[in-house]
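Report on the following structure.
The values are calculated or read from the model by the stated rules, or taken from the named source; none is laboratory data. Since the model is a prediction, treat every value here as computed from it, not as a measurement. Please note: Cβ atoms are built from the backbone with ideal geometry, for glycine as well, and neighbour counts cover all protein chains shown.
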């Protein structure tokens, strides 16, 4: 693997590297020369990503299982990154688990789970990494969602929509608080992506047509709009010229 200069020797934590987007992000970051620290709940999938990155000549370690809804696990992940590579330059909060239901059908437990697994985990890990990001003048990239900005008639996404709107607002606040420390914080709000979580829904042609229109859904086997947008934010690792921004890729984008 030929290392590019943009992320050369940058230490990047990426969460959810056992999943579709996290795996592609780990591969893309490593191709740019980053030293990647991954994590996931799923041990085998997370290790498979490490093996892929290393087989291609990249540098990656991973902590699994890692339950990001637990502050102690978030601190352990940060400590693991620092003890392995000495610092943290980039935090990509990618991991999340969404729950879908209409307002009359959402249970209290479902509402709480969605908040924990889409909002709390971003807060806990960012808080744990913050002192190290202050030292490195680092970057936080959070995954939002188009659902944090828009609602769709066919999608019962009240909890998910609320959570991702919270992530977007949190990112804006982090950018403000991080400014005096040289920390940049940005969020990405992709449209519908074909991942492990959406594959079954996309088998319903009526639902897919309503969500996508004439567009094409993003796939996890080619890195186009999503990773291109993420890489735009990662330019600030080297140049320090982007903060508090929100990207809204096309409704159906590819990664």
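Every residue, every condition in (1) within 16 Å of the chain's Cα centre (by Cα); (2) part of a helix (DSSP H, G or I), yes or no:
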{"position": "29", "(1), (2)": "yes, yes"}
{"position": "52", "(1), (2)": "no, yes"}
{"position": "57", "(1), (2)": "no, no"}
{"position": "60", "(1), (2)": "no, no"}
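Looking across segment 83-119, just one residue is farther than 21 Å from residue 155 by Cβ, in contact with a helix residue (DSSP H, G or I) (Cβ under 9 Å, 6 or more places away or on another chain) and surrounded by fewer than 19 Cβ atoms within 10 Å (Cβ to Cβ), and that is 87.
Scanning segment 75-111 for residues that are assigned to a helix (DSSP H, G or I) and under 30 Å from residue 138 (Cβ atoms) yields a total of 11. Looking for something surrounded by fewer than 18 Cβ atoms within 10 Å (Cβ to Cβ) and either touching a helix residue (DSSP H, G or I) at 6+ places or on another chain (Cβ under 7 Å) or under 29 Å from residue 159 (Cβ atoms) (or both) - is there at least one such residue anywhere in segment 16-33? No - not one qualifying residue is present in segment 16-33.
Residue by residue through segment 16-27, note down the ones that are under 11 Å from the mean Cα position of the chain (by Cα) and in a loop (DSSP other than H, G, I, E, B). Listed by number, the residues that qualify are 16, 17, 19.
You will find that of 43, 11, 37, the residue that is in contact with a helix residue (DSSP H, G or I) (Cβ under 6 Å, 6 or more places away or on another chain), modelled with pLDDT of 90 or more and surrounded by fewer than 24 Cβ atoms within 10 Å (Cβ to Cβ) is 11 and no other.
Is it the case, given these coordinates, that residue 122 is buried (at least 17 other Cβ atoms within 10 Å of the Cβ), modelled with pLDDT of 95 or more and under 16 Å from residue 166 (Cα atoms)? Taking the combined requirement at face value, the residue satisfies it. When 134, 164 are checked against the criterion of being in a helix (DSSP H, G or I), in contact with a helix residue (DSSP H, G or I) (Cβ under 9 Å, 6 or more places away or on another chain) and at pLDDT below 95, 164 stands alone in meeting it.
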